[in-house]
1. Considering only Cα-Cα distances, which of the following residue pairs are longer than 30 Å: K17/K380; K9/K311; K126/K183; K261/K330; K303/K330; K144/K267?
2. For F143, what charge total do you get from the other residues with a beta carbon under 10 Å from its beta carbon, if Lys and Arg give +1 and Asp and Glu give -1?
3. What's the local net charge at I347, with K and R +1, D and E -1, over the other residues with C-beta under 10 Å away?
4. Round to the nearest 0.05 the FRET efficiency obtained for Q55 and L326 when R0 = 41 Å and r is the Cβ-Cβ distance.
5. Sticking with the crude label model, points 7 Å out along Cα→Cβ, report the distance from K415 to Y106 in nm, one decimal please.
6. Can you compute 3J(HN,Hα) from phi for each residue in region 256-262, using the Karplus curve 6.51 cos²θ - 1.76 cosθ + 1.60 with θ = phi - 60°, rounded to whole Hz and x for Gly and Pro?
7. Could you check the spin-label model distance between S118 and Q333? Points 7 Å from the Cα along Cα→Cβ, value in nm.
8. Want the number for S213 to K126: 0.36 nm per residue separation, take away the alpha-carbon distance, what's left?
Amino acid sequence: MKIYDTRTKTKKILRGKNIKMFVCGPTVYDWSHIGHARTYVFYDFFVKYLRRKKQVTYIQNITDIDDKIINRAKESKISPLQLARQWEKEYMKDMATLKITAVDRYERATDHIPEIISQTERLIEKGYAYQISDGIYYDVSKFKRYGQLSGRTNLKEGDSVSRVDHNKEKHQPADFCLWKLSKEKPYWPSPWGLGRPGWHIEDTAISEKYFGSSYDIHGGARDLIFPHHEAEVAQMEAITGKTPFVRFWVHTGFLTVEGAKMSKSLKNFITIREVNSSPRLLRYYLLRAHYRSPLDFHPRLLKEAENDLHKIDEFWNHPDGLKTKLYEEKFYQALDDDLNTPRALAILFQMIKEGNKKKLSNKKFLQEIDQFFNFLEPEKQIIPEEIKKLNKKRNEYREIRQWSKADEIREKIEKMGYEIKDTHQGGVVRKVITSYNHRNE
Ligand SMILES: [Zn+2]
């Protein structure tokens, strides 16, 4: 299969039977939002898809030490590590609801302090790092390929970057911190004194420990290309002298909410928890777009996606017997071409359309592809007794043509978050799943 590589800007064939993959995990200090969901759902799907043919070892790091964590802990009056553990638990719960199960190891930054110190020492020895008053910094002018991954030539501190390291003694603004000296807990002893790691170094320390000095795929969201992934290249390739340290750089596109970038100032963050009335719908919604394309989160599109799920449910419930071989071939061709989910799903829905017309299904194929999609199998609907009773009453009114009474009950049911589909067998109730508690509404 072919995968797009950000570094070479081309689709390349992914060779080899054993694939080592590392994806940037969360900084655990707050709720995960649907932008995170997009990234982690995609890599979960990607790994599960690869595992049909290959062995994959998938590692994600957990950033559990960082300025944001320290600041939040001060506000909450608990220790930074305590705060990080609490949010890590919430993160894991969110991942479970989204059926994200492909990760083999979650590795915390603070469990790799010796590896981080060792990398920093080697960078100093080789002349790529220097010490100033508040820590050890990487000298980007020493690494000739700095800027190659992101295509940035005019490197400035700040450049739409949220986590920059300020110190006037730095050799140039783009230099970044490897080890921060600090007398404030949490700190760890190091050859340079008490302190804590910088941000970029944890990824290469963790990946070197489990994968060695080079590996197959490094994933993450687009906004991590610079400076985070650029810094990783600079660290690892300076240590080993080998290039490229990662064969494929894979990046997921941005997610907007009703056309706007999610931001603190717009207060338009939507957390995974807020849409967890249907993780199935969210998972489908996120995989419907190609992983590299921008994706907008919009109630109208969510409704559209919900209707798609109803078509899938209808198809799932027909008896088997549909011939699907021709669809299957094209479906896999689409996914083998840089995981083109929109094309693969278009083919799947052509198949579903034919099946629903002929009232025939092919559950074997659906189950096979649901190993990586995890949104095809219908969710078990649990309708509360109260709603069932109301629906029965409404059906009785309809039978005796008491339309206004029947409509009154429909309204009541809808207010409770359910909707009714009238069929030959009477009204059937199902839960409305597109509602999410947007904090602005
Ligand atoms: Zn990272």
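1. Details: K17/K380 37 Å; K9/K311 37 Å; K126/K183 28 Å; K261/K330 35 Å; K303/K330 27 Å; K144/K267 41 Å.
Over 30 Å Cα-Cα: K17/K380; K9/K311; K261/K330; K144/K267.
2. Numbers: positive: K142, K144, R145; negative: D139, E230, E237.
Taking every other residue near F143 into account, the sum is 0.
3. On the way: positive: K330, R343; negative: E328, E329.
Around I347, the surrounding residues sum to 0.
4. Numbers: r = 30 Å, r/R0 = 0.74.
Between Q55 and L326 the formula returns 0.85.
5. According to this spin-label approximation, the distance is 4.1 nm.
6. Values, residue by residue: 10, 10, 6, x, 10, 5, 5 Hz.
7. For the pair S118/Q333, the computed spacing is 4.8 nm.
8. Details: separation 87, 0.36 × 87 = 31.32 nm, distance 1.60 nm.
The S213-K126 span can extend by a further 29.7 nm.
Bear in mind these aren't lab numbers, they're just calculated from the coordinates by the rules spelled out. Everything numeric in this text was worked out from a predicted model, so none of it was measured. Here Cβ is always computed from backbone atoms with ideal geometry, including for glycine, and neighbour counts include all displayed protein chains.
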